[in-house]
């Protein structure tokens, strides 16, 4: 779960919030058909506070197709992304819906086009590969804090 799924929100949270570190984590496996962790929770520290990131392949009653949910709570308002809807409450309120299928497809096409263009022109990539090492380090921190290498059995 951590290395397969939660790595992506960890990367986004680093981009949105700046440097992060793992304060605590738990990971486990409930489904015998899954070889590694199938649920995890990570408590994150950052300059301006803390956050909780969790994920599960085995949440009872959850829809078969997973959906993302993100809440950022601040002193002047909050932003909530639930499925295809972004809602911002505070001094500047907003509510916006997105076509997720079109967005995912367009993001893959744009990333591949950027990569090919940068290779052809010899220019740097928009995201520095060394930056991603910091996200991988967070994944490693989470597994160490959880006391597992991704294959915990309880």
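Take the chain, connect every pair of alpha-carbon atoms lying under 10 Å apart with a spring to form a Gaussian network, then pick out the residue of 75, 127, 85 with the largest mean-square fluctuation.
75
Taking 8 Å as the Cα distance limit and 6 or more residues as the minimum spacing, I'd like the relative contact order of the chain as a percentage. Display every interim value, and only then the final one.
Working: 213 pairs, mean separation 45.7, N = 154.
It comes to 30 percent, rounded to a whole number.
How would segment 33-112 be classified by its alpha-carbon gyration tensor: rounded, prolate or oblate, with rounded meaning a/c under 1.5 and the a/b versus b/c comparison settling the rest?
Cα axes put segment 33-112 in the oblate bin.
If each DSSP helix of 4+ residues adds -39,500 (n - 2.57) and the sum is divided by the residues in the chain, what number results at 222 nm, nearest 500 deg cm²/dmol? Walk me through the numbers before you get to the answer.
Numbers: 3 runs with 51 residues, N = 154.
Here the helix-only value at 222 nm equals -11000 deg cm²/dmol.
Across segment 2-146, what fraction of all alpha-carbon pairs, as a whole percent, falls in each successive 5 Å bin from zero upward?
2, 8, 14, 17, 18, 18, 14, 7, 2, 0
Mind telling me which of 84, 54, 128 comes out most flexible in a GNM of the chain, alpha-carbon contacts under 10 Å?
Result for the chain, Cα springs under 10 Å: 128 fluctuates most.
Under 10 Å, Cα contacts only: if you run a Gaussian network model on the chain, which one of 43, 23, 119 comes out with the highest mean-square fluctuation?
Per the Cα network of the chain with a 10 Å cutoff, 119 tops the list.
Any read-out appearing in this document is the output of simple, stated calculations on the displayed coordinates, not a laboratory observation. Computed from a predicted model, the values in this text were never measured in an experiment.
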